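Contents: one structure, followed by commentary.
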Amino acid sequence: MATEREFQVSPIVPESVMHNTRALSNVQSLTASIFGVAAGILGLESYNGFLFYLIFSVLTTLLFYTVRVAPASLKSGLGPLDTSRYFRTQYEFWSGGVFGGLAGYILTWTLFYGLVRA
């Protein structure tokens with residue numbers, strides 16, 4: 001268990017960073033499946049389907065940033081787009097979910113495309 005002095009020296013709590021990462025991953029995995037359902041029902045194929053996923057995945061990350069991270073980082077005096085206090089790296093925040101949810105997106109996309117078009 002960390003002591004009060006350790007929190008003063010290093011205010012970033014590893015358990016909180018892991019919780020934030022897990023919360024973002026859960027949101028992105030859920031929305032990836034929802035986007036797969038939408039793309040399958042719309043009948044998107046090939047590059048259009050992947051572009052659909054990329055655009056909406058980036059929008060989801062921006063919405064998560066706007067609602068959860070930006071107000072907290074502005075209160076603490078961090079600069080805009082600085083997620084270093086809440087996540088391990090900026091890469092993990094901005095693009096980690098795009099690749100993490102891709103498999104779920106493809107599975108639901110092909111499932112619903114096959115159900116609708118069959």
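Ordering A103, F93, G43 by the projection of their Cα atoms onto the charge dipole of the range 18-117, which places +1 on the Cβ of Lys and Arg and -1 on the Cβ of Asp and Glu, puts F93 at the extreme positive end.
With a/c under 1.5 counting as rounded, go ahead and sort the range 18-117 into rounded, prolate or oblate using the C-alpha gyration tensor (a ≥ b ≥ c being the square roots of the eigenvalues; past the cut-off, prolate if a/b is larger than b/c, else oblate).
Taking the square roots of the gyration eigenvalues as a ≥ b ≥ c, the range 18-117 is prolate.
Stretched out straight at 0.36 nm per residue, the stretch from F50 to T89 would grow longer than its current Cα-Cα span by 11.5 nm.
Just so you know, all these numbers are worked out from the coordinates, no wet-lab data involved. Predicted model, so just to flag it, every value in this text is computed and none were measured. Cβ: placed from backbone, ideal geometry, glycine included. Neighbour counts: every protein chain shown.
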